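Inspection log for the structure reproduced underneath, given as structure tokens.
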Amino acid sequence: MAAVLARALRPLPRHASTALASRHALRHIHATAIAHKSKKSAANDGTLFDDSGDLFSDSTPAPVATTSAQPAKPSPAQRTSDRGRHGKLAPDVRAAKFEELLTFVSTRIGLRPAVRDALQVRSSAWTHLFGLATTREQLERVTVHFSKFIESGRKFEDRHVETFVRRCAELKCPDLALAVFSDRPKYRFDLSSPTAGRELLNALHRDRPLSECIELSALYQLYELPPLAADPVACTLLVDACLRAAPKSPHAGTVAHALVPALQDTLAKTPRKPAQKAAGRLTRSWMQALGHVEDALKGKGQKVNWIQEWRTGGQVRVAAV
């Protein structure tokens, strides 16, 4: 075990490959734990375009081809935005709008866009595409254009990352989000948000293989996110995932118990507020996972009074990480 900890203390290079990150993830979490000891789903509601404005910016437009003057017509994506506000879309209409918008976006980004006109794709187009997608295959087709957006000199924001993760979770393909974040050179779509990390871990921790949670934990270091063991939500979810896998994997149990002191410490530092009747989905999942951790530890004869005392404080506010 000493050798394991010694190797875990070596920092993971930022340029390390995904395979290397996965190989050292379990050791990294173990070391981190010791070091830190001291929305209604958009899938069916059809309300996909809540942000104001169209999908295009008139700032820094691409060169305009010389043509005879014609009255301006609404772009396909603009029509998609306008119509999407009025309620649910029929499946065939929704699919058509997805194709229309994806074509519009994909032909106007990259070093050499196929279409050069005055309409520059706005960053909100990505959130609309995520919302219009209803299958894993559609989301995969969107992801292949991420790097072209970066090549255009643009950048993704935390809201894009969080919306993408949430949509992958809603469509039961969180492993797609993990694959995108794990191949940084290909997609250039960074896991830049702790909130997205929590959402993805929540989508993975119960039904997916523990190896995927371990891989995600390694990405926390690669993307320079705050330590997972210092985040009360993420730490709880990871401990829960390890305890669920422990009957078939002794190493999972070792990691879980190494993380317990860190979980106890970070909960003690998490501010609380009076219970609320309604709680967010992620908070409910967090409380359920914490309850399972309590039961699992109690079943092993370990003291859980620190969890019980903390839980009696009612609903909590997650401290900014």
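The values are calculated or read from the model by the stated rules, or taken from the named source; none is laboratory data. Since we're looking at a predicted model, the values are computed, not measured. When we count neighbours, we look across all protein chains shown, and the Cβ atoms used for this are built from the backbone with ideal geometry, even at glycine.
Some notes on this structure:
- Residues in the stretch 213-224 that are under 23 Å from R284 (Cβ atoms) and either of a type in the set (A, V, I, L, M) or over 13 Å from the mean Cα position of the chain (by Cα) (or both): 1 in all.
- Test: residue in the stretch 198-206 that is surrounded by fewer than 20 Cβ atoms within 10 Å (Cβ to Cβ), part of a loop (DSSP other than H, G, I, E, B) and under 16 Å from the mean Cα position of the chain (by Cα): yes
- Counting only helices (runs of 4 or more DSSP H) that sit wholly inside the stretch 125-192, those with at least 3 residues that are crowded, with 18+ Cβ neighbours inside 10 Å, out of contact with any Gly (no Cβ under 9 Å at 6 or more places or on another chain) and of a type outside the set (A, V, I, L, M, F, W, C) are 158-170, 174-182.
- Leading residue by the ranking (nearest to Q221 (Cα to Cα)) among those in the stretch 177-205 that are in contact with a Phe, Trp or Tyr (Cβ under 9 Å, 6 or more places away or on another chain) and aliphatic (A, V, I, L, M): L191
- Residue check, D240 out of contact with any Lys or Arg (no Cβ under 7 Å at 6 or more places or on another chain) and of a type in the set (D, E): yes
- Cβ-Cβ distances below 9 Å connect the following pairs, each with a first residue in the stretch 130-157 that is among the charged types (D, E, K, R), a second residue that is loosely packed, with under 15 Cβ neighbours inside 10 Å and in a loop (DSSP other than H, G, I, E, B), and a separation of six or more residues or different chains: R136/K172; K148/L111; E151/L111.
- Among the residues of the stretch 164-192, the one identified as of a type in the set (D, E, K, R) and under 14 Å from H205 (Cβ atoms) is D175.
- Selection count, the stretch 114-124, where residues are part of a loop (DSSP other than H, G, I, E, B), surrounded by 14 or more Cβ atoms within 10 Å (Cβ to Cβ) and among the small types (G, A, S): 1
- Count of the stretch 271-298 residues, restricted to those that are at pLDDT below 90 and surrounded by 14 or more Cβ atoms within 10 Å (Cβ to Cβ), is 3.
- Positions within the stretch 256-268 being farther than 14 Å from D240 by Cα and in contact with a Pro (Cβ under 8 Å, 6 or more places away or on another chain), in sequence order: T266, L267
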